[in-house]
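The structure appears right after this line, and notes come after that.
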Amino acid sequence: MLLLRQVSIGALILLGVQLQVMALPSEWLAENGSSTIEPTTEVPEGFAAIALSIADSFLQCGVYYQYTARGMGNNSNIARDTVSVVENNADILLQSADVVYRAFGLSTREKYDAFMAQANRIVAAYGPHSEQLSALIYQRGQVCSGVVSSYEERLGEVRFILENY
């Protein structure tokens, strides 16, 4: 069993607002990513694994959308409103991952650093401008599109786990 800290369900409810309309600060990781909280309640491992898997997908797709927004922001043919939506989606996904990781007493910074180290190894293995890397990035985009479209459902699953264990 993993331990779960008593978490404010209100934080998760606030994050359940439609992705496109909620704006959160993009500096969230610098401000919040290194904090961990001591867990206080036992959670069955299966449920913890589900919640943490969802948090991992939120983190990975949040990072993906951060990089996507930066690239889009450099393209004068893309409307600023479109870039803002992508930035907001990234921020919300990252904030959601942070809430879940904290609930389990995990460091968001450590999770972020591990994901970025893995991404850097992949880029080094394929080369920064290879077709294989482009294909992997495209696949990640498809996965992240699904994560965004199922966000409220996934957040509901996490909420259920946190409220009931």
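The values are calculated or read from the model by the stated rules, or taken from the named source; none is laboratory data. Being a predicted model, the structure only gives us computed values, none of them experimental. Using ideal geometry, Cβ is built from the backbone for each residue, glycine included, and neighbour counts are taken over all protein chains shown.
So in region 134-165, with the set limited to residues that are hydroxyl-bearing (Ser, Thr, Tyr) and part of a helix (DSSP H, G or I), which one is surrounded by the most Cβ atoms within 10 Å (Cβ to Cβ)?
Among residues in region 134-165 that are hydroxyl-bearing (Ser, Thr, Tyr) and part of a helix (DSSP H, G or I), the one surrounded by the most Cβ atoms within 10 Å (Cβ to Cβ) is Tyr151.
Hey, any hits in region 55-71 for a residue that's of a type in the set (Val, Ile, Thr) and either closer than 22 Å to Gln118 by Cα or at pLDDT 95 or above (or both)?
Scanning region 55-71 turns up at least one residue that is of a type in the set (Val, Ile, Thr) and either closer than 22 Å to Gln118 by Cα or at pLDDT 95 or above (or both).
Restricted to region 105-118, and to residues that are in contact (Cβ under 8 Å) with a residue 40 or more places away in the chain and surrounded by fewer than 21 Cβ atoms within 10 Å (Cβ to Cβ), which residue is farthest from Arg159 (Cα to Cα)?
Residue satisfying both the conditions and the ranking: Met116.
Just the residues that are among the small types (Gly, Ala, Ser) and within 25 Å of Glu163 (Cα to Cα), please, taken from region 91-118.
Ser96, Ala97, Ala103, Gly105, Ser107
On the given criteria, is Ala97 among the aliphatic types (A, V, I, L, M), touching an Asp or Glu at 6+ places or on another chain (Cβ under 8 Å) and surrounded by 13 or more Cβ atoms within 10 Å (Cβ to Cβ)?
In short, yes.
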